[in-house]
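Worksheet: the structure to be examined is printed underneath.
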C-alpha cells in the first residue's frame, strides 16, 4: 500500500507472467480495467457520526465531497449500531443543529443539552437529508479495500462494491472509519488497546424491544422522567434479571426509553475482540445476539410488566469502543485530561470523563466501569491530533484520532466525534481549494 500504482501494476504483471511460465497449460487470467474517478476535492471514508459531520462540513465549505459507507445507511453506531444515547453533545455548530432538527421531528426524549435519547430511524433519515441538501455525493454498501500513495502523499483509494472495483482520486482524504482502516491501508503507524498485550475495551450489541407498557417499567428505565436517575434504575433492573434467573455479560445492564412502548436493551459485553479481525467480530456478534434473545425470553416469562416483551430489531453493527488510533502530529494523553490542557489550534473541547469498560469477565464482576483513578478536567483536542503523522493529505476524525488509551476512553463518545468531523471537513476543504496541506 506504500507503493505507487505503477509499481504495484508492474509487480502484478510480473507475478502473472511467472505463474504462466510455471503452468504453461493454464491460460493467463484476463486483465480488467480499473475505472478511476477523479471528480472530488475531499473524500470521506466512513459514514458514522464523524464521517457525516466531516462530509457535510466540507461540502458547506465549497468542496466537492464524496462520502463512502460500507453499511446500508448513514449514522454508523447511531443507526446501524442502535446506540440511541448520545454523550458530550453540548457543543456549537453541527451538534447544536442536529439537536434542533431532531426536536423539530419530536425524535429526542430529554432536553438535557449534554446527553439525551434519540430515535435511530429518525436520525438515519435526517443524516441522509442533510447530506443531500449540502450536495455530498454519498455511496453506500461500498467498502474501502486499498489506498495508494505517491511518495508521502495519499492520492487514491480503491473500493469494492456491486459496481465492481473502482479507484477514486481526491486532493484530501478524511478517515472516519472508526477503526482507522484508511490510515492503516495508507501505511500509517497506529496503536491499539492498552499496552503491549493489546488489552482492550469490550464490544456491545444493542437491541430495540417493545413492551406492553413502558410506564409500568419506569423504575428500571435509566433517566426515565428523571434526568439524573441511572444507577438506581440499573440496580433495579439487575434485581429483575436475577429474579428471571439470568446473568448478563455487561455488569451494568441498562434499559433506555426510546418512545411510546419502545425501549433500548443494553446488556452485552464481548471481551478481547479485535475490531479489525472479521472472524472475531462475527463470533462476538453471534454470541451477543443469542444472549439478548435469551435474556428477553427470560424477562418475558416473569409476566407482569414484562409480559409480551419482544425484540423487534438487533443492531446490524456491534458497538466498538476500541479501535486503531492513527499516529498524528500530536497525541492526546492522560496528562491532557488531568491538566485540562488548552491548545491554540483546538477543534473540540471534551467534557466527558474517562469511561473504561472492564476488559475481562472477571474484572466486570468487580469493577464494570473504571474512570482511570482521576476526574478529567475539560480539555482541548488540537487539530494536530487529526492530521496523520506518516502520510500527507490525510485527516482523521472520531475514534481513530491520535491519542493514548486513557484519553481515547474519554473523547471516543459521539458528541466529540461530530465536533471533530466538522472541523476536519472545514480544514480538508480549505486545504483542497488552496492547494495546501492541513
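The values are calculated or read from the model by the stated rules, or taken from the named source; none is laboratory data. The structure presented is a predicted model; accordingly, all values stated were derived computationally and were not measured. Positions of Cβ are backbone-derived with ideal geometry, glycine not excepted, and every protein chain shown enters the neighbour counts.
Of all residues in the range 386-410, which are surrounded by 24 or more Cβ atoms within 10 Å (Cβ to Cβ) and out of contact with any helix residue (DSSP H, G or I) (no Cβ under 9 Å at 6 or more places or on another chain)?
Residues satisfying the conditions are 408, 409.
If I go through the range 46-76 residue by residue, how many of them are outside any helix (DSSP H, G or I), buried (at least 24 other Cβ atoms within 10 Å of the Cβ) and on the phi > 0 side of the Ramachandran plot?
2
Among the residues of the range 262-303, which ones are farther than 19 Å from residue 361 by Cβ and free of Cβ contacts under 8 Å to residues at least 40 places away in the same chain?
Scanning the range 262-303 gives 277, 278, 279, 282, 293, 297, 300, 303.
Please name all residue pairs, on different chains or six or more residues apart, with Cβ atoms under 6 Å, provided the first residue is in the range 342-358 and is on the phi < 0 side of the Ramachandran plot and assigned by TED's automatic domain parsing to the domain that holds residue 50 and the second residue is in a loop (DSSP other than H, G, I, E, B) and surrounded by fewer than 21 Cβ atoms within 10 Å (Cβ to Cβ).
349/378; 351/378; 352/87; 353/371; 354/371; 354/372; 358/368
Within the range 425-438, can you find the residues that are over 16 Å from residue 92 (Cβ atoms) and either within 17 Å of the chain's Cα centre (by Cα) or in a loop (DSSP other than H, G, I, E, B) (or both)? Reasoning before the result, please.
Step one: of the range 425-438, the residues over 16 Å from residue 92 (Cβ atoms) are 427-438.
435, 436, 437, 438 - these are the residues of the range 425-438 that are over 16 Å from residue 92 (Cβ atoms) and either within 17 Å of the chain's Cα centre (by Cα) or in a loop (DSSP other than H, G, I, E, B) (or both).
Any residue at all in the range 22-32 that's on the phi < 0 side of the Ramachandran plot, modelled with pLDDT of 95 or more and not in a helix (DSSP H, G or I)?
No; the residues of the range 22-32 include none that is on the phi < 0 side of the Ramachandran plot, modelled with pLDDT of 95 or more and not in a helix (DSSP H, G or I).
Please state which of the following conditions residue 323 fails to meet, knowing it meets all the rest: (1) under 23 Å from the mean Cα position of the chain (by Cα); (2) more than 23 Å from residue 357 (Cα to Cα); (3) crowded, with 23+ Cβ neighbours inside 10 Å.
Every condition holds for residue 323 apart from (2).
Collect the residues in the range 332-360 that are in a helix (DSSP H, G or I) and crowded, with 21+ Cβ neighbours inside 10 Å, keeping them in residue-number order.
336, 337, listed by residue number.
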